[in-house]
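**Q** I have a structure here, written as structure tokens, and I will follow up with some questions on it.
The values are calculated or read from the model by the stated rules, or taken from the named source; none is laboratory data. It should be emphasised that the depicted structure is a prediction, and the values quoted were computed from it without experimental measurement. In this analysis, Cβ positions are derived from the backbone assuming ideal geometry, glycine residues included, and neighbour counts consider all displayed protein chains.
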């Protein structure tokens, strides 16, 4: 049974001294939350995989059946360390059962309502400086919801589930005035391996009321504005090894189509992981590298402010954060993956904005693997830079007259026929790479935490050079930068190919 939480459900919370931004998050009369064994619940903490998601903050942790303060978790860890033991999770210490069964997609289906149209204060918590959706906030909810889906699929077993990778997040269409929409984030497990599972989450935008009964059948494909795929892995909290999870049983034709797609994608990921250190340029790319090197020699004295151009080395931005326990995941000792997505996105956004001198629009997050967990109490360093730019024109142009390069470099993307798509008007596709590193205080060595590739779009009319609308261009100079540029072009092509497979993307999005 699916229940919608009303205002009265929140009255049991003690009065809190909250800022105007935080207070309304508890007063939303149509927020829906989930728990492992029910489709809806009035327990806000059950909607989250962390202490710091938008809809589950502060006192919400009091209602979590696996609740733990940081002091509780810290004390227990120190006690076990003194005994020479390790602990992966404070709350999940017993998997309960190792019996492997079968579950359908409907068994793990979960959703989260974000009624921006009906709740102006909730909308205010998700809006950016330009009056559009603040995507970084949504990233936390996406990962949190994916975490809830993972645990519902694994139940009644309780392994330690962690986000292994974000396979892709793509904005299918624009939803500029979010105050005119009620959002639904919904998803389920679409593929399983022995101890891993792929989770697909989609965002739906409704100009009117959302369906009274929320399930996969009641959410129309034409309302999809976002598609995201996550991979979670399960570990046994007792042995610290992989944990066998319930098998997914596809039922409908759509279930099988999604299952085969995910299976093919995972095979491709394994192949790419095997060859991840190999980025040998093709003959065409080798020629591109030479042409870029030749062109860069004639651009030594350009200034971005005058020409809408910047060298790649001049786009670098850095940020360093200390990982506090308020952003831990449900297992207490590591940082919530959604928080890392939020922080890397914010830095990528700043990089794209200062480069373009405009308000960029988020288009996609490419496949990202979390290489090492980020412990509470560690230092996170983030380095970002523009890795690739592409001019998207009205027509097909062999020579881009607005390009700083004096050779043919056709765009991998094209103008969409769908007016709701981001690429429906001329502009620049800006790719930002964010490398992250962690350093534990007991060690002097930094370990890679993951590389995040964000793509943004800035329409031509938003960028002015010498009083005229213009495009933006990044110029690589060294061989290493040119290989980064080539890698970015490959990813842009991969994203363009992915878009063609979306049944709800519209023609040429």
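**Q** Filter the stretch 200-212 for residues that are crowded, with 23+ Cβ neighbours inside 10 Å and in contact (Cβ under 8 Å) with a residue 60 or more places away in the chain; which is farthest from the chain's Cα centre (by Cα)?
**A** Only one residue fits best here, namely 210.
**Q** Given the structure, is residue 81 touching a helix residue (DSSP H, G or I) at 6+ places or on another chain (Cβ under 8 Å) and at pLDDT 85 or above?
**A** no
**Q** Hey, can you tell me all the residues within the stretch 422-451 that are under 17 Å from residue 499 (Cβ atoms) and at pLDDT below 95?
**A** 422, 423, 424, 425, 427, 429, listed by residue number.
**Q** Among the candidates 138, 145, which residue alone is within 15 Å of residue 175 (Cα to Cα), in contact (Cβ under 8 Å) with a residue 12 or more places away in the chain and under 13 Å from the mean Cα position of the chain (by Cα)?
**A** 138
**Q** Report the residue count in the stretch 118-135 for those that are more than 17 Å from residue 458 (Cβ to Cβ) and either in contact (Cβ under 8 Å) with a residue 60 or more places away in the chain or assigned to a helix (DSSP H, G or I) (or both).
**A** Number of matching residues: 9.
**Q** Which one of the conditions (1) out of contact with any strand residue (DSSP E or B) (no Cβ under 8 Å at 6 or more places or on another chain); (2) assigned to a helix (DSSP H, G or I) does residue 139 fail to meet, given that it meets all the rest?
**A** (1)
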